[in-house]
Structures are given as C-alpha cells and as structure tokens.
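Novice: Starting off with a structure, shown below.
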Amino acid sequence: MSGRSGNPKVGARRRERTPAPAPPLPAFLADMYRVRASDNDNVAPAAEPGPAAELDCLRGVFAPALLRWAATRSAATALGADQVLIRHGLISEDAYLERLAVQTGVARETFSAATRGDCPLRDDQLRRAAEQGVVPLRLDGNLVWVIAPRGFTARRLSLFAAQFPDHRHRIRIASAESIARFLLEETAGPMAVAATDGLRDRYPALSAAPRAHKQRIAAATGIAAVAAMVLLPELFGLVLALCFLAFIALRLAASVLPRPLPQRLPRLKDAELPSYTILVALYREASSVAPLIAAFNELDYPREKLEVILAVEPNDLETRAAIAGLAPQPNLRTIIAPAHGPRTKPKALNFALPFARGAFLAVYDAEDRPEPGQLRAALDAFRRHGPGLACAQASLCIDNPDDSWLSRMFTAEYAGQFDVFLQGMSQLSLPIPLGGSSNHFRMTTLREVGAWDAFNVTEDADLGFRFARFGYRSVMFASTTYEEAPARFGGWLRQRSRWMKGWMQTWLVHMRSPRKLWRDAGLGGFITLNLIVGGNVLTALAHPFLVGSVIFAIGAKALGYPAAFLSGRFAAIHLLAIVLGYLTAAMIGLAGLARRGLLHASGVLLLMPVYWICLSLAAWRALYQLVTEPHRWEKTEHGLARSAWFTGRVQAHIDRKPSSLRGARSRDEASHSRGKAGLLRFARNDEHP
C-alpha cells in the first residue's frame, strides 16, 4: 500500500511515480453531481426543479404525511428530501441507499473487495476524491464511478436512471462513511503524507517544516543578536527599547479606535444558508466530548446543513470510547488521524479537511462553548465583506476566572486582546494573528492557500498572515466563544511556551524573504508581523534584562555607587518603555474587562509585572524548545475548571426559557419540527427501516 511509511523521504519518492492519468469526470455525472452556487459561497441557490423523486423508494415504507413533510422541508432548506430524513435520524444513510438501489437499479458499492489498485487516481488526487465524495474504481475491467449522494444528487440520480437505464451500470452508490472508510484504510499513507507535507510541497517557502535554509536564518538571527548585545550593549538596548515603544504604539493605536455598530442584515432563511462543517481536533479529551457536542446541538443552524467532524489520534482510546458512547447523531463523524508526521493539531485538521462537505468551516477546541447564533453571525460577516474575506474570528472569553489569579489574568488578557486590540486591527484592515479557536473559514479559500502548516505549533497565527500574503482579509465579528483557561502554573507555562514557540516559527517563516513579504502583504502586513508577532516575542525575551537593569541601577544608586544605567544617554527611553508597557497592557485589559462587564476583576491587573516575568520565562523556554524540539506540541489541559461564570448563566437562562433561547434548531426548522413530531405517529412501524 503506497505511502504508508513514516519516512517523509520515502513518501516523497513514491509520489514522484506517475501512474496512468486519472479519468475525467463524465459529463452526465458532473451534471448529476453539480454543486449549487450556495455551496461555493454565501449566496442564495436556485430552486431545484421537479418533484422529490428521491422519496419514491420510500413510498409504502413511511406514511404519506411524513413523506410530504420531508418534501416540504426539502424545499425550505434547498436540500434533498433524503438528506432531511437522514439528518433528522429518521432513516440511516445505508438503509436509504438500499431502498434507492432497488428503486433505480443502480448497484451499491460496499468496498468489501476493492483495493488501492482498483482506484486509478494518483496519490495527489485522493484528497479531491474525498472532498467530492466521488471515487472511480476499475472493477472487472470496467470503469465505475462510486458516488455518495449529497444535496440533490439522489433526486437527479432517480431521474437519470429512469431516463437513461443503459448507463446505470456506470454508476454505483455508497454512503459517505463507506467512501471515507475506503480512503482511510486503503489510501491512508498518501493522504497522511499530504496532510503532513501538503503545504511544504505546494508552497515550501511558507512552511515551518524542517529546512536547512530556515535553520540558517534562525542561527544567523541569534548570532547577530548576541554579537550586538556583547559588542554594542548601549545601542542594542536602545534598539530593544525603540522596538518595544513601536509595539506599544501600534497596540494603543488599534485599541483606541471606536467600534462601529455592525450593519444589521436580514436573517437568512434556511434555504439560503450554505452547508457548514465544524471541525475539532481532540487528544486526551474524553471528559470534554459530551459537553462539546451538547454545545454544538444548541447552535442555531438547520441540522440538515451542519456536520461535525472530530479528528482524534489513533492511540487516544479513551476519547474514542467517549465518542462511541454518545447517542447516535447522523451529522457527527469521527476521523482517526494517522501517526505519520508530527502529532500536532494542524496535522490532524489537515487530514480531516478533505472529508468536510461544508462550504464554510468552523474550527473549535475541546473546551469551547460558542454562542448559539455564532454560525449565522459569521456568515453575516462574510456577507458584509464579500469574497475577499477568508476568515471571520469570533471573540474568545475565559469562563473560569475565579479558579486562580492566573485564570483571572488570562481573562483580562483575552478581553483586551479579542474585545479591544484585535477589533482595532480588523478595522485597520491589518492581518490578524488568529486565535486557534472559533475561526470561520470560506472553504475554497482555505484550500487555496494550503490549509494549515502541520509543523507550526501556532498554526492559527501563521494562517492569518498567509491569508494576507494571498490577498485575503481576516476580520473580527460580534460573537463570543467561552473557553477554559489553565489555572495552574504548569499548564499555563506549557501552553504559553507553545504559543511563543509558534510565533517564533511564524516570524522566521514569513521573514525568510522580507522583500517578498512586503510585496505580498504590503507595508501594513510587514509592520504587523514584525511588531505584533516579533514584538510579542522580543519584548518577552528582553523584559527581564530591562527590568533587571533598572533594579540594579536603583540599588546601586541607593548604596552610593555610580549607576551608569540611570545616567546613560538612553536611560529615559528605557524607563519610558517599561512604564508605558505596563500601563498600556493594563489599560487595554481594563477596557476589555469593562466591555465584558467584569470591572470587579480588574484588581488582578496590579500583578501585571509578575505576569510579565512569567511570560518571559515562557519565551525563554520556547526559544530553547525551538532549537531542541521545534515541532513538539505541548497539550493544554482541559476539564479542570472549578467555575463557569458565563456558560452557567447561559444554561440557567436556557433552562428557564427554552422556547426563546434553545438554539438547536433555527426558527425556520422549528416550525417544521413541530409538524414532524406529530407525523412520526403515522409512520408504519412494521416496515420502518
């Protein structure tokens, strides 16, 4: 089986082999499987003509009233009636396909005897097959196209089989799960290599994958910094202070901008909504699985158009068991990420991405609790900004500030970052270093730029700058996801070290060619990368030396010794940088807490100097890891929170007023669901699949 080796070089050699070219998609199949406009972008689709022929195979199985409800719901959602029944759990996909095969005369394919050798696709085309849900097979010398019906495919297939019975042998139908299983089992090696090396192969200059060139840049940067510090200490200190002041100035400029009221858009009907995929990478998160899925079930989005994919690691048996223990959910799928390559979140996301069927994609973490209306709010952001928008970032808010002073400081930091600073960056149309959660992507754009870098441990920040280099924007939008912050120092240090290491990787990658970065992202992108990403790291690394110099000088002067630092030419600039750094961080955090209604927690900002020392420790630890183990992913601990301010209040409110706040279904779906509940009584139980 090609490409299963864990050695990237072996995989690369195998990819160089060129088998026979893949057969083109036949015109009749392309028309049958055509994708509606709304599945490519956020626009209203054209109505699908004709009656719901996909229900003919169920007549005599379900009561006529229930079939009429499915046809009505199909028109309301602009989706096949078969998908309505499947997504509502009224019939399994396999059971429906059995009926459809009998009705149309189109054979089913179970892949029980198919192997990799039967699939004429090249390794680099397998991801496209997963994306489309169409796999060609050579069976008994004949080329057969295996399709997993989605959208209105079952309706078109029913009409096609009746009009062109002589062509039915060229098509077979299979469930999306069976196609995914075949690709995962028989072609896992090539797809694992693509998930790991895809960005490096397509855009090698934009990947943090191991390269001698990158190591030379890192070494040269470090040597130059050490040489400047030793040979020109005064000048080096001045440059650090000026960089620190520039970093502060940009943060202040972005933070003081007034927030304009977002343009209110008409609520989209269910038929106008595109398909949406939620993707979560899980590792050792067994306790988080059930609450996470419960939060997704509260989202205000039609279930027919929403799918949830959980990407888990092969050795994480506890999380896999927790998923298996959930009640059956037709829109929930599990993808086992391969052991090939680094065990990182972006590698797992890349591996699962081809199986996502949504036109838009949201990425969450295991501990996230998004507001019920977040998906619709994200789509409104895409509607406002047009096709140039690649990503809409929701605000993140800490849900357990009472657990420790660290979690409370985290709360102030996140409030300032997402509710103040990044809002201003968005208004200035500058690249946003994305958060790793609650990113909402236009699927076509995400795939165009190469998706995530499997070797970057802050894949989110890197992706924000890569979007800018491809000419796309990322913006903040008005919605919140609540999540847990590490309350213990060990967990906080591991998480923050990973972030610092990833920012170092991101800076090194995008500064490989400063001139090209300037051309791609413009002056704003160039400045943002160096002051925000580079500035965060540089100030954290330099902070102990600046503070230590001040303390040493003050102590020396108090003891009557000459204090060269305080009497030096640049002493005032150093002191200004330190004082303004503390004041700016406190002001932005205070403004964020005020916008969250959390001013009573602002006392923790007095500990800002202590917190910055902790940040410096994390930065130096990250620098050491960048040299010794650059791609190691230090996992954040979840499920340890002792308090839940916001989600507890929201849940209590939902429990009190379920009719007004419960968001598992949109208003359009709710009226149909009430009718469905009554119709179920008339289903013929003796023949129910």
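Novice: Which value in Å does the Kirkwood hydrodynamic radius of the range 124-186 take, with 1/r averaged over all unlike C-alpha pairs and then inverted?
Specialist: By the Kirkwood definition, the hydrodynamic radius is 12.5 Å.
Novice: Can you give me the relative contact order of the range 368-469 as a percent, contacts being Cα pairs under 8 Å and 6 or more apart?
Specialist: 27
Novice: Charges on Cβ only, +1 for Lys and Arg, -1 for Asp and Glu, centred on the Cα centroid of the range 144-185; of 146, 164, 176, which one is farthest towards the dipole's positive end?
Specialist: 164
Novice: Moving on. With a sphere of radius 10 Å drawn around the Cβ of residue 510, what net charge do the other residues whose Cβ falls strictly inside it have (Lys, Arg +1; Asp, Glu -1)?
Specialist: Value of the local net charge: +2.
Novice: Here is a further query. For residue 100, what charge total do you get from the other residues with a beta carbon under 11 Å from its beta carbon, if Lys and Arg give +1 and Asp and Glu give -1?
Specialist: Residues close to residue 100 contribute a combined charge of -3.
Novice: I've got another one for you. Sort 499, 145, 620 so the one with the fewest other Cβ atoms within 10 Å of its own Cβ comes first.
Specialist: Placing the least packed residue first, the sequence is 620, 145, 499.
Novice: May I pose another question? Take 307, 98, 484, 313 and order them by how many other Cβ atoms sit within 10 Å, fewest up front.
Specialist: If I rank by nearby Cβ atoms, fewest first, I get 98, 313, 307, 484.
Novice: Which listed residue (63, 105, 95) has the Cα farthest towards the positive end of the charge dipole for the range 59-120, taking +1 on Lys and Arg C-beta and -1 on Asp and Glu C-beta about the Cα centre?
Specialist: 63
Novice: Another question about this same structure. By its C-alpha gyration tensor, with a ≥ b ≥ c as the square roots of the eigenvalues, how is the range 44-200 shaped: rounded for a/c under 1.5, else prolate for a/b larger than b/c, else oblate?
Specialist: Judged from the Cα gyration tensor, the range 44-200 comes out prolate (a/c at least 1.5, a/b above b/c).
Novice: Give me 608, 425 ranked fewest to most by other Cβ atoms within 10 Å of their Cβ, as a rough exposure proxy.
Specialist: Ascending number of Cβ neighbours within 10 Å: 608, 425.
Novice: In a shell of Cβ-Cβ distance under 13 Å around residue 619, excluding residue 619 itself, what net charge do Lys and Arg (+1) and Asp and Glu (-1) give?
Specialist: Net charge in that neighbourhood comes out at +4.
Read-outs throughout are calculated quantities, based only on the coordinates presented, and are distinct from any laboratory measurement. Computed from a predicted structure; not experimentally measured. Heads up, the Cβs are rebuilt from the backbone with ideal geometry, glycines too, and the neighbour counts pull from every protein chain shown.
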